[in-house]
Amino acid sequence: MGLQTGCPAQSFRIRALLRQVCETGSPNDGKMYGDGGMMKMLRYEGKIVRVIDQDGRAFTGVPVAFPAEYGMHEYNREEESIRLGDYQLFESDIAEIRELPDFSILRATETWQQAGAYYVRIQAMAKKHHISLRQEFDGHDGPDTKYIVVTDHDFPVATARMYPLDKRRMMIGRVVVLPEYRHQGIGTMVVNECEDWAEELGFTKTVVESRDNKVEFYEQMLYEVCGEAVEGETFRCIRMEKDL
């Protein structure tokens, strides 16, 4: 079974330092490890992949590869592994891994990209739950709002938005995946990309207002409940937060 790290995802600033020969503590060139052999898992770095573990769970995202020495040092398992978000997946845990060359994850800074975010929200939320456009696109959808969009063959299939609450906390919201793309790990990938972007911008905490039936989803990503449930216009929501 894939291992959850049990601690917040490693900072993007130190991920490169973790990919080293842990027993010696000396960094390498990022390609050769231990006995000088090429890491098999390294081929997937920088690419969007879908992983199915031995329990049938799906994970989607851009992995960071780790050598067998790291697995032995941190988990007492001398195997190569990849990290997707908050999960460390060892080679023997993986039933299937395949690249998704037609998928892209965009930090939507242009109008046409942001239109993709709006499309997903209209199709998967507004229409399904009979939410008016005025309710769905509220005061937090403004010129300073940041959007993540996932595309398949250039067609938008998932999205999220981000806006700052203060100098330390970034709100992640409107996390939406088209129905036919759910249960594939795409929602987790979207939230992970939001967290990375927020951290790069200098924020130290992300906040979500989870629907009450999605709390477990965020708990698996190491979010903690930090407020009482609130009855919104459409959903009952619970505030949760995570240290980056």
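General observations
- Qualifying positions in region 158-190 - in contact with a Gly (Cβ under 9 Å, 6 or more places away or on another chain) and part of a strand (DSSP E or B): 158, 159, 160, 161, 162, 163, 175, 176, 177
- Residues (of a type outside the set (Asp, Glu) and touching a helix residue (DSSP H, G or I) at 6+ places or on another chain (Cβ under 8 Å)) located in region 97-127: 97, 105, 106, 107, 108, 121, 122, 124, 125, 126
- Contacts under 6 angstrom Cβ, first residue in region 101-113 being without any contact (Cβ under 8 Å) to a residue 60 or more places away in the chain, partner outside any strand (DSSP E or B) and of a type outside the set (Gly, Ala, Ser), 6 or more apart: 102/153; 103/48; 106/113; 108/114
- Some residue of region 198-206 being part of a helix (DSSP H, G or I) and closer than 15 Å to residue 85 by Cα: yes
- Any hit, region 81-91, residues being closer than 19 Å to residue 175 by Cα, assigned by TED's automatic domain parsing to the domain that holds residue 70, small (Gly, Ala, Ser) and in contact with a Phe, Trp or Tyr (Cβ under 8 Å, 6 or more places away or on another chain): yes
Condition check ((1) in contact with an Asp or Glu (Cβ under 9 Å, 6 or more places away or on another chain); (2) among the hydroxyl-bearing types (Ser, Thr, Tyr); (3) buried (at least 17 other Cβ atoms within 10 Å of the Cβ); (4) more than 26 Å from residue 240 (Cβ to Cβ)) across all residues:
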residue: 80; (1), (2), (3), (4): yes, no, yes, yes
residue: 84; (1), (2), (3), (4): no, no, yes, no
residue: 101; (1), (2), (3), (4): no, no, no, yes
residue: 104; (1), (2), (3), (4): yes, yes, no, yes
residue: 107; (1), (2), (3), (4): yes, no, no, no
residue: 120; (1), (2), (3), (4): no, no, yes, no
residue: 126; (1), (2), (3), (4): yes, no, yes, no
residue: 169; (1), (2), (3), (4): yes, no, no, no
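- Region 214-225, residues that are surrounded by fewer than 16 Cβ atoms within 10 Å (Cβ to Cβ) and not in a strand (DSSP E or B): 216, 219, 220
- Any hit, region 226-238, residues being surrounded by 19 or more Cβ atoms within 10 Å (Cβ to Cβ), within 17 Å of residue 105 (Cα to Cα) and not acidic (Asp, Glu): no
The values are calculated or read from the model by the stated rules, or taken from the named source; none is laboratory data. Please read these numbers as outputs of a predicted model, since none were measured by experiment. Quick reminder, even Gly has a Cβ in these numbers, built from the backbone with ideal geometry, and neighbours come from all protein chains shown.
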